[in-house]
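Asker: I'd like to ask some things about the structure below.
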Amino acid sequence: MNVIFNHSEDVAENIKTFWFRPEKPVRYTAGQFIELYLPQANADNRGQRRWFTLSSSPTDPMLSITTKFAGDTSSTFKKTLFSLKADTPLMMAEPMGDFVLPKDPSIPLVFIAGGIGVTPMHSMIKYLHDSKLTRDIHLIYAVTHLMELAFVPLFEEFGLTLTIVVKDPPPSYTGESGSLDGARILKLAPDDDKKMYYLSGPEPMVEAFTKDMKHLGVNKHRIVTDYFPGYQQF
């Protein structure tokens, strides 16, 4: 589908949200992803196409993605994305994917997000907030540095249970710190055979947490995953 880049906005340190105006209305479900085609004159081996989870909600008039910039080590794709000019026309695949809210609203949900993996959670929570719908949600949001936290005001306004885990916190930080693993997730959000666990973040993280939680007795049918290739850590 054809889209027009509209604008970008800072949401955390080295993290931006990019807004695109579709030529035609787009129907999708909160939590789905797209593929963005971004032509580059001298593309590196990471190519001209990239998958992104939509951070926007179906209630938003435009589509958005949210991503991190790694400076000089970033791909030519990311460098091109972060230098886009307003009104640039681009191509985007139709939204797809099944990392979406369960149809049964009574199911308690535990969202576990590593870094930029919080984007599908933002999409779902923004949709629920805008639609004035409620769900029992506990968000465990892990970042390496405190400045990398994004979207916290929305999460607090929605009223979910929010547990922030900072791997390398500043001296003044008094919240949860250090690393996450399956055992710690289940300590923060004990299993009761009713909850569904949604894991989103770098591929190695999602694979490790999934393995841990299955080993600790969580049924695989209650674990839903969405991994972000190309990221090795939060």
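The values are calculated or read from the model by the stated rules, or taken from the named source; none is laboratory data. Since the model is a prediction, treat every value here as computed from it, not as a measurement. Cβ atoms come from the backbone with ideal geometry, glycine included; neighbour counts cover every protein chain shown. The area values use the complete protein model at the heavy-atom level, side chains included, leaving out ligands, DNA and RNA. Shrake-Rupley method; radii C 1.70, N 1.55, O 1.52, S 1.80 Å.
Asker: Between S179 and R21, 0.36 nm times their residue separation minus their Cα-Cα distance comes to what? List each step's numbers first, then the result.
Answerer: On the way: separation 158, 0.36 × 158 = 56.88 nm, distance 3.82 nm.
Result for the pair: 53.1 nm of gain on full extension.
Asker: For the chain, with the dipole built from +1 on Lys and Arg beta-carbon atoms and -1 on Asp and Glu ones, taken about the Cα centre, which of I15, P170, I34 lies farthest toward the positive end?
Answerer: Ranked along the dipole, the leading option is I34.
Asker: Next question. With +1 on each Lys and Arg Cβ and -1 on each Asp and Glu Cβ, how big is the dipole of region 97-234 about its Cα centre, in debye rounded to the nearest 20?
Answerer: Dipole size: approximately 260 debye.
Asker: Set Lys and Arg Cβ to +1 and Asp and Glu Cβ to -1, take the dipole of region 157-234 about its Cα centre, and tell me which of A208, I185, N219 lies farthest positive.
Answerer: N219
Asker: Which residue fluctuates the most in the chain, going by a Gaussian network model with Cα springs under 10 Å, if the choices are A41, A86, A70?
Answerer: Result: A41 has the largest fluctuation of those listed.
Asker: Next question. Could you work out the mean projected area of the convex hull around the alpha carbons of the chain, in square nanometres to one decimal?
Answerer: About 12.9 nm², averaged over all directions.
Asker: Still on this structure, please answer the following. Which percent, to the nearest 5, of DSSP beta bridges fully inside region 123-197 are antiparallel?
Answerer: Of those bridges, close to 0 percent are antiparallel.
Asker: On to the next question. Tabulate in residue order the Karplus-calculated ³J(HN,Hα) for region 189-200, using 6.51 cos²θ - 1.76 cosθ + 1.60 with θ = phi - 60°, rounded to whole Hz; enter x for Gly and Pro.
Answerer: 9, x, 6, 9, 6, 10, 5, 10, 9, 10, 10, 9
Asker: Can you give the relative contact order of the chain as a percent, counting alpha carbon pairs under 8 Å and 6+ residues apart?
Answerer: Working: 485 pairs, mean separation 44.0, N = 234.
RCO, the chain: 19 percent.
Asker: Using 0.36 nm per residue, how much length does the chain from S83 to T134 gain when fully extended, once their Cα-Cα distance is taken away?
Answerer: 14.6 nm
Asker: If we count every other residue with Cβ under 11 angstrom of Y127's Cβ, Lys/Arg +1 and Asp/Glu -1, where does the sum land?
Answerer: +1
Asker: Simple spin-label model, 7 Å along Cα-to-Cβ: T73 to N14 in nm?
Answerer: Each label point lies 7 Å from its Cα, and together they span 0.7 nm.
Asker: At 7 Å along the Cα-to-beta-carbon direction for both E203 and M62, put a label point, then send me their distance in nm to one decimal.
Answerer: Result: 3.1 nm between the two label points.
Asker: Now a separate question. Based on the mean of other Cβ atoms within 10 Å per residue, sort peptides 99-106, 194-201 so the most packed one is first.
Answerer: Averaged packing, sorted descending, gives the order 194-201, 99-106.
Asker: Classify region 128-193 as rounded, prolate or oblate from the Cα gyration tensor: take a ≥ b ≥ c as the square roots of its eigenvalues, call it rounded if a/c is under 1.5, otherwise prolate when a/b beats b/c and oblate if not. Display every interim value, and only then the final one.
Answerer: On the way: a/c = 2.83, a/b = 1.28, b/c = 2.21.
Oblate is the answer for region 128-193, as a/c is 1.5 or above yet b/c matches or exceeds a/b.
Asker: With everything on Cα atoms, drop me the angle between helix 203-215 and the longest principal axis of the chain, reported from 0 to 90° to the nearest 10.
Answerer: The angle comes out at about 20 degrees.
Asker: Okay, next question. With all protein chains present and a 1.4 Å probe, how do H215, H7 order by accessible area, largest first?
Answerer: Largest to smallest exposure gives the sequence H215, H7.
Asker: Once you have the Cα-Cα distance between D98 and L154, take 0.36 nm times their residue separation minus that, and quote the gain in nm to one decimal. Walk me through the intermediate numbers first.
Answerer: Values: separation 56, 0.36 × 56 = 20.16 nm, distance 2.32 nm.
This chain segment gains 17.8 nm when fully extended.
Asker: Give, rounded to the nearest 20 debye, the magnitude of the charge dipole that region 1-142 has about its Cα centre when Lys and Arg contribute +1 at Cβ and Asp and Glu contribute -1 at Cβ.
Answerer: Around 140 debye, computed over region 1-142.
Asker: Let me confirm the definition first: pairs of Lys residues in region 81-234, 8 or more apart or on different chains, C-alpha distance under 23 Å. How many are there?
Answerer: Lysine pair count for region 81-234: 20.
Asker: Let me ask something additional. Along the charge dipole of the chain, pointing to its positive end and built from +1/-1 on Cβ of Lys, Arg, Asp and Glu, which listed residue (V118, S64, T161) has its Cα farthest out?
Answerer: Going by the Cα projections, it comes out as S64.
Asker: Over region 30-72, what relative contact order in percent results from Cα pairs under 8 Å that are six or more residues apart?
Answerer: 35
Asker: Express as a percent, rounded to the nearest 5, the fraction of DSSP beta bridges in the chain (both residues included) that run antiparallel.
Answerer: So the antiparallel bridges amount to about 50 percent of the total.
Asker: How far is helix 119-130 tilted, in degrees, relative to the longest principal axis of the Cα atoms in the chain, given as a value from 0 to 90 rounded to the nearest 10?
Answerer: 80
Asker: Once phi is turned into θ = phi - 60°, what whole-Hz ³J(HN,Hα) does the Karplus curve with 6.51, -1.76 and 1.60 give for every residue of region 109-117, x standing for Gly and Pro?
Answerer: Karplus values, whole Hz, x for Gly and Pro: 10, 10, 8, 10, 10, x, x, 5, x.
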